[in-house]
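The structure appears right after this line, and notes come after that.
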Amino acid sequence: MTGPPVPRHPPAAAAPHLRAAVVGHLEWTTLARVRQLPARGDIVHAEVLWEGPAGGGAVAAVRLAALAGACTFFTALGDDQAARRSREVLGRLGVDVVAAVRDLPTRSAVSLVDASGERTTTTLGARLQPEAADDLPWETLRSYDTVYFTAGGAGALARARQAAVLTATSREFPLLTTAGIPVDAVVGSADDPAERCDPSGLPRPPGLLVVTEGAQGGAYRARGGTARRYRAVRPPRPVVDCYGAGDNFAAALAFALGTGSGAADAVTFAAGTAALCAATRGPYAVPRTPGPTGPHRSTTRGAPCAPPSFSGTSTTP
């Protein structure tokens, strides 16, 4: 069951001063449409839909920059053209990329989208991720309101924990289990085997666990509470592709929790953001005209997740 059209957050003029960051990875990604996914031995023609820096970390950083006015992205990149292009595109979108440089190529990816809008992704090369030993401005994270963690070592996770709110992807569940560092929220997809997790395996359960189920909505559980469901939000236009919808959901969740929103309002806000992404080509719009290579600093900040904006998309026990 779907809810009403995608909600909009309140005007930025009423926004608080919120500092947001992502600690994680990126891939230079080509998104292409096919009639159907190839079977073994097939040769298929694909139409390129979108190209740019993506992966969980980059997509979330762009969404957080759009919501909060700016976002700092702690990552690792190669010394190559893909890295330079990624810095340039992300910088024009309000993302301040602070990256360790590795003696390896920046990872790339090809994602095929079928007629239903679902994507199947192949990554090429090793995932580059930040580590605590990297010469990055880790100490600044203590002044951040919210940080979303998608990749990194245990030391990087500990540095990210300096923020007021720390959320993480369930893809990093093995690290969360062994590192023993508490997080305020864990989010992942029930449809992705790599994102399934059992929170009872964590030394301390997260403050909030969210499991997304695409068009079926999803479920969430606050620490000490009962499991509740939320409904999906109807996209404002037909679904184009689902690439990046989960990453947009996670970024919006981190933003809402950073503003002090409760669990029900945060997941509803995130569901609306994911629906908007599904109705858009690619995970975000890549700027067409060249701009400054440094980060674009907006003079406005993101708006809080206000319950009146989502009154028609109720959660259910």
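The values are calculated or read from the model by the stated rules, or taken from the named source; none is laboratory data. Source: prediction; values computed, not measured. With ideal geometry, Cβ positions are generated from the backbone for all residues, glycine too; neighbour counts draw on all protein chains shown. Heads up: the accessible areas ignore ligands, DNA and RNA and are worked out on the full protein's heavy atoms, side chains in. Shrake-Rupley method; radii C 1.70, N 1.55, O 1.52, S 1.80 Å.
Which residue pairs have Cβ atoms under 7 Å apart, sit 6 or more places apart or on different chains, and have a first residue in the stretch 182-199 that is over 23 Å from residue 158 (Cα atoms) and a second that is assigned to a strand (DSSP E or B)? Partner pairs satisfying both residue conditions: 189/212; 190/211; 190/212. Figure legend. Inter-residue proximity from the stretch 216-233: first residues outside any strand (DSSP E or B), second residues charged (D, E, K, R), beta-carbon distance below 7 Å, spacing 6+ or different chains. Indicated pairs: 217/229; 217/231; 227/221. Summed over the stretch 250-279, the residues that are under 14 Å from the mean Cα position of the chain (by Cα), under 14 Å from residue 147 (Cα atoms) and of a type outside the set (A, V, I, L, M) give a count of 1. Evaluated against (1) farther than 20 Å from residue 248 by Cα; (2) in contact with a strand residue (DSSP E or B) (Cβ under 8 Å, 6 or more places away or on another chain); (3) aliphatic (A, V, I, L, M); (4) not in a helix (DSSP H, G or I), residue 110 falls short on exactly one condition, (1).
Is it the case that residue 241 is open to solvent by 40 Å² or more (accessible area, probe 1.4 Å) and more than 14 Å from the chain's Cα centre (by Cα)? Don't jump to the end; show me each part of the working.
Working: open to solvent by 40 Å² or more (accessible area, probe 1.4 Å): no; more than 14 Å from the chain's Cα centre (by Cα): yes.
Here the answer is no, as residue 241 does not meet what is asked.
If the requirement is being of a type in the set (Gly, Ala, Ser), modelled with pLDDT of 75 or more and either open to solvent by less than 10 Å² (accessible area, probe 1.4 Å) or under 16 Å from residue 18 (Cβ atoms) (or both), which of these qualifies: 303, 274, 251, 264? Sole residue among the options that is of a type in the set (Gly, Ala, Ser), modelled with pLDDT of 75 or more and either open to solvent by less than 10 Å² (accessible area, probe 1.4 Å) or under 16 Å from residue 18 (Cβ atoms) (or both): 251. Within the stretch 149-169, track down each residue that is open to solvent by 10 Å² or more (accessible area, probe 1.4 Å), within 20 Å of residue 249 (Cα to Cα) and not β-branched (Val, Ile, Thr). Answer for the stretch 149-169, where residues must be open to solvent by 10 Å² or more (accessible area, probe 1.4 Å), within 20 Å of residue 249 (Cα to Cα) and not β-branched (Val, Ile, Thr): just 164. Answer yes or no: is there a residue in the stretch 20-33 that is at pLDDT 85 or above and open to solvent by 30 Å² or more (accessible area, probe 1.4 Å). Among the residues of the stretch 20-33, at least one is at pLDDT 85 or above and open to solvent by 30 Å² or more (accessible area, probe 1.4 Å), which makes the answer yes. Being closer than 22 Å to residue 59 by Cα, open to solvent by less than 10 Å² (accessible area, probe 1.4 Å) and acidic (Asp, Glu), is that true of even one residue in the stretch 201-217? No, the stretch 201-217 contains no residue that is closer than 22 Å to residue 59 by Cα, open to solvent by less than 10 Å² (accessible area, probe 1.4 Å) and acidic (Asp, Glu). Can you pull out the residues in the stretch 108-132 that are more than 24 Å from residue 85 (Cα to Cα), surrounded by 11 or more Cβ atoms within 10 Å (Cβ to Cβ) and not charged (D, E, K, R)? Answer for the stretch 108-132, where residues must be more than 24 Å from residue 85 (Cα to Cα), surrounded by 11 or more Cβ atoms within 10 Å (Cβ to Cβ) and not charged (D, E, K, R): 117, 132. Among the conditions (1) in contact with a Pro (Cβ under 8 Å, 6 or more places away or on another chain); (2) free of Cβ contacts under 8 Å to residues at least 40 places away in the same chain; (3) in a loop (DSSP other than H, G, I, E, B), residue 243 misses just one, which is (2).
Give the stretch 32-67 a look and list any residue that's farther than 19 Å from residue 87 by Cα and not in a loop (DSSP other than H, G, I, E, B), or say none.
So the first thing to find is which residues in the stretch 32-67 are farther than 19 Å from residue 87 by Cα, and the list is 32-49, 67.
Scanning the stretch 32-67 gives 32, 33, 47, 48, 49, 67.
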